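Encoded as C-alpha cells, the structure appears first; notes follow it.
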Ligand code: IZC
Ligand code: ZN
C-alpha cells in the first residue's frame with residue numbers, strides 16, 4: 001500500500017513555481033494558495049488544492065496533519081556552508097574587538113589555518129558526529145537540503161576525509177546533501193609563499209582523486225587578496241571543470257580583485273558573498289546567468305556592508321541567500337536569521353526572499369528539478385511555519401518559527 005500524507009487547513013501555501021532560477025521580476029513571483037491542502041504519496045507531492053477543496057483520495061490517506069491555518073512553504077535550501085570543521089574560533093573575537101580584521105588574522109597564521117589544524121587533528125567520526133548534530137539543528141530550523149564544502153584539510157588525506165564525512169551524512173541523515181570540493185580555501189602552512197605549487201597539487205592530484213571517488217559535484221575557490229589571485233583561481237577552476245565539477249567562486253567578499261568577472265567569464269553556476277562587487281562584476285554575472293549566493297549573516301558578523309541585492313535583481317542576476325555557516329565568519333547556521341537580514345538589509349521583498357532560499361539555491365546546487373518549489377511531482381519537502389504569512393517570517397528574528405518540518409513526506 002502507498003504511504004500517503006494529507007496536510008490540510010493550510011492558511012497560505014506560498015511557493016515559487018518551476019525548476020529554473022528566477023531573476024529580475026520573476027525573483028518576486030510566488031503563488032499564494034489560500035485555505036490549501038496538499039497530498040503526498042510515497043514522499044512525492046501528488047496534488048495541491050486551494051479554497052477549501054481536498055485532493056482526490058484525501059479520505060483514504062494513512063496520515064493527516066492539520067496546519068491550523070498557518071503558512072506553508074517549500075523546505076529551505078541552504079546553498080552555502082562550511083559544515084564540517086574541527087574546533088571553533090571564538091578566541092578571535094577579542095582580536096576583532098581590538099581592531100584586527102578577518103584578513104589580518106588569516107595573514108598571521110590564524111583564521112582558516114587555525115581551523116585547518118583542528119580539522120586535521122579530528123578523526124572522521126568526530127567530524128561526522130559534530131556535523132550530524134549541526135544538520136539536526138538546521139532541519140529543526142526548516143532546512144531540508146544542504147550544500148557543504150570541504151576546505152579545512154588542504155591536503156589529500158584531510159580533504160578526502162571531509163568529503164567522505166559529507167558522503168556519510170548524505171547516506172545516514174535525512175538531510176539531502178550536496179558536496180563541494182574547496183581545496184583552494186587557503187594556502188596551508190607547508191606551502192607558505194608557494195601558492196602556485198599548492199594549486200598545482202590540487203589540480204594534478206587532489207581534484208583527480210575527488211573525481212575518481214565521486215566525492216563532489218562542485219568546486220569552489222577563495223579568490224581573495226592574500227589568498228588566491230584570479231590567475232590561480234582560474235587554473236584551479238579549469239582543472240575542476242575538466243574533471244566534471246560545476247564551478248563556484250568566493251568572490252569580492254572583502255576586496256574586489258576580479259573574482260566576479262572570473263565567475264562570469266568561466267560560466268560559474270554561482271558566485272558567493274559579493275559584498276564588494278562593482279558594476280563590471282555584476283555585468284559579467286548577469287551575462288553568464290551566474291547566481292549571486294548572498295550571505296548576509298557574514299556581513300553582520302564581520303561588520304561589513306551588505307551586498308547590493310536590489311541592484312542585482314534590477315540587472316537580472318538570480319539572487320540566492322544562504323547562511324555561510326562556518327567557524328570564522330558566520331558561526332550561525334540559522335537560515336531564518338539570513339531571511340531577516342535579507343528583508344531589513346538587502347531590502348528584498350518577502351516573495352523575493354522566499355525564491356532566494358528555495359528554488360534559486362536549489363538550482364545553484366543542481367537540485368532545481370527535485371526541490372525548491374511545492375508542485376505536483378516534486379519531492380515533498382516543506383515547512384509549516386508558526387506564522388500566518390512570509391511577512392511575519394521575515395520580520396520576527398531570533399526565534400525558531402519552523403513548527404513542523406516534513407522531509408520526503410515524513411515528519412522529522
Ligand atoms: O573559516 O573563515 N570566508 N572562508 C571564506 C571562510 C570565510 C570560512 C572561514
Ligand atoms: Zn564560504
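Residues of the stretch 319-355 that are under 14 Å from the mean Cα position of the chain (by Cα) and either more than 17 Å from residue 78 (Cα to Cα) or not in a helix (DSSP H, G or I) (or both): 319, 320, 321, 322, 323, 324, 325, 326, 330, 332, 333, 334.
Listed here are the residues, each with its yes/no results for (1) more than 16 Å from ligand 2 (Cβ to nearest atom); (2) closer than 25 Å to residue 101 by Cα; (3) out of contact with any helix residue (DSSP H, G or I) (no Cβ under 7 Å at 6 or more places or on another chain).
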residue	(1), (2), (3)
149	no, yes, yes
154	no, yes, no
164	yes, no, no
193	yes, yes, yes
203	yes, no, no
227	no, yes, yes
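Please verify whether residue 147 is part of a strand (DSSP E or B) and within 16 Å of ligand 1 (Cβ to nearest atom), treating the condition exactly as stated. Against the criterion (part of a strand (DSSP E or B) and within 16 Å of ligand 1 (Cβ to nearest atom)), residue 147 qualifies. The single condition from (1) in contact with a helix residue (DSSP H, G or I) (Cβ under 6 Å, 6 or more places away or on another chain); (2) buried (at least 22 other Cβ atoms within 10 Å of the Cβ) that residue 120 fails is (2). Checked against the criterion of being out of contact with any helix residue (DSSP H, G or I) (no Cβ under 6 Å at 6 or more places or on another chain), over 22 Å from residue 359 (Cα atoms) and either modelled with pLDDT of 95 or more or in the same structural domain as residue 392 (by TED's automatic domain parsing) (or both), the candidates 265, 272 yield just one match: 265. Apart from one condition, residue 79 fits all of (1) surrounded by fewer than 18 Cβ atoms within 10 Å (Cβ to Cβ); (2) touching a helix residue (DSSP H, G or I) at 6+ places or on another chain (Cβ under 7 Å); the exception is (1). Name the residue that is nearest to ligand 2 (Cβ to nearest atom), counting only residues in the stretch 300-313 that are touching a helix residue (DSSP H, G or I) at 6+ places or on another chain (Cβ under 8 Å) and assigned to a helix (DSSP H, G or I). So the residue we want is 302.
Quick grid of which residues meet (1) more than 21 Å from the chain's Cα centre (by Cα); (2) modelled with pLDDT under 95; (3) more than 16 Å from ligand 2 (Cβ to nearest atom):
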| residue | (1), (2), (3) |
| --- | --- |
| 59 | yes, yes, yes |
| 62 | yes, yes, yes |
| 66 | yes, no, yes |
| 74 | no, no, yes |
| 84 | no, no, no |
| 87 | yes, no, yes |
| 94 | yes, no, yes |
| 113 | yes, no, no |
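The values are calculated or read from the model by the stated rules, or taken from the named source; none is laboratory data. What you are looking at is a predicted structure, and each value in this text was computed from that prediction instead of being measured. Positions of Cβ are backbone-derived with ideal geometry, glycine not excepted, and every protein chain shown enters the neighbour counts.
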